[in-house]
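Remarks on the structure that follows.
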Amino acid sequence: MNRECRAEWDGPQSPRVVFTDPQIAAVGRTRGALEDGLPARAVDADIASTPGASFIGKGAAASARIVLDEAAG
């Protein structure tokens with residue numbers, strides 16, 4: 001059954017997800033922070049041993065990136 005669908009953009013703070021395998025999700029500024037002059041740095045973490053990653057399968061690769069605002073600490 002097809003139904004009309006509508007999405008609204010609420011700026012860079014809007015959570016977003018791409019339903020692929022593996023899934024991709026983001027919230028907040030993930031790109032453009034440095035280009036916009038914000039003091040930011042990215043930290044990548046291996047999250048393969050978390051319970052969420054285990055839904056894909058034992059030993060499945062999983063990672064997360066956190067963009068930190070250096071000014072706010």
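Readers should treat all values here as calculations from the given coordinates under stated rules, not as data from a laboratory. From a predicted model like this one, the values you see are computed outputs, not experimental measurements. Glycine also receives a Cβ, built like all others from the backbone with ideal geometry; neighbour counts cover every protein chain displayed.
A few comments on the model shown:
- Computed over the chain, relative contact order equals 24 percent, with contacts defined as Cα pairs under 8 Å that lie 6+ residues apart.
- Relative to the Cα centre, the charge distribution of the chain, modelled as +1 at Lys and Arg Cβ and -1 at Asp and Glu Cβ, gives a dipole magnitude of about 240 debye.
- Each label point was placed 7 Å from the Cα along the Cα-to-Cβ direction; for Thr50 and Asp36 their separation is 2.3 nm.
- For the chain, dividing the convex hull volume of the Cα atoms by the residue count gives 134 Å³ per residue.
- Counting charges near Ile24 (Lys, Arg +1; Asp, Glu -1) among other residues having Cβ under 12 Å from its Cβ returns a value of +1.
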